[in-house]
Amino acid sequence: MPPAGVAGSGDASAIGRRRFLLAAGGGAGAALLAACGSYGPKSAQRILMYAERKNEVVERALFRHRSMDVAGRHALDAGNAFPAYFIAPSVPVWDPTANGPWMLEVSGMVARPMRLSLADLQRMPSVTQRINHYCVEGWQAIASWTGVRLRDLAAVVGVDPAARYADFQSFDDGYHESWDIESAMHPQTLVAYGMDGAFLGAAHGGPARIHSPIKLGYKNTKYLTRIEFMPVRNGGYWSDQGYEWYGGI
């Protein structure tokens with residue numbers, strides 16, 4: 001989710017360090033931020049990093065693997081109004097002429113690395129879930145997502161029990177975000193290839209994306225090309241620019 005004003009960014013506007021400083025410092029904070037990046041002024045970085053680490057401890061403690069998001073029965077689906085976002089100058093579209101058929105690579109700490117086509121994913125047991133999508137900006141939207149549970153895919157490739165993180169990589173100008181393994185294995189975390197009864201379109205991350213209601217939208221990598229299971233985390237596109245790494249709901 002690019003910050004507000006970036007082309008194609010429906011899921012916008014960082015909370016995290018930048019908004020914290022603006023809220024805490026008012027006009028003075030705004031003046032400081034005009035001369036620094038999203039990590040805030042150098043003099044504040046130590047306390048901000050400390051606060052983020054403490055916040056992550058709390059988020060991990062509150063995480064419940066069995067907690068399930070359920071959209072309200074009478075709540076309206078977003079439909080065509082569901083926001084789109086990407087970091088490329090225009091909507092990323094996989095070009096099979098230039099790149100060959102789209103494939104999803106699953107690698108890293110696995111016993112059986114694989115490259116899966118969209119047809120391969122469709123042959124696996126699928127689920128459809130009508131759930132909320134939560135943006136860092138504060139809005140939420142409801143849609144029905146269809147795909148393969150990541151934990152089922154992890155069982156197929158034989159993820160090493162020592163793997164503690166998963167990195168989700170994209171063809172949207174190299175976008176990626178890494179997750180803790182507990183969130184990745186949540187039953188509502190999908191490699192999604194369908195939305196609202198149709199194949200996932202380019203505006204929302206097709207041919208496939210990661211989607212889960214337990215993470216903020218910027219953690220849900222679209223235009224997926226690779227899942228890598230790892231012993232340590234490696235940041236992410238927005239996480240490396242000052243957004244909270246954990247990004248949990």
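Quick note: the coordinates plus some simple rules give every number you see, no bench work behind them. Keep in mind it's a predicted model, so treat the numbers as computed, not measured. All Cβ positions, even for glycine, are placed from backbone atoms using ideal geometry, and neighbour counts span all protein chains on display.
Here is how the numbers come out for the structure above:
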{"item": "Estimated FRET transfer efficiency (VAL232, ARG151; beta-carbon r; R0 25 Å; 0.05)", "result": "0.75"}
{"item": "Linear extension gain, ARG130 paired with VAL93, 0.36 nm per residue minus alpha-carbon span", "result": "10.8 nm"}
{"item": "Fully extended contour minus Cα-Cα distance, from GLN122 to GLN140, at 0.36 nm per residue", "result": "3.7 nm"}
{"item": "Label point 7 Å beyond Cα of ALA111 along Cβ direction - residues of the range 160-195 with amide nitrogen under 11 Å", "result": "160-161"}
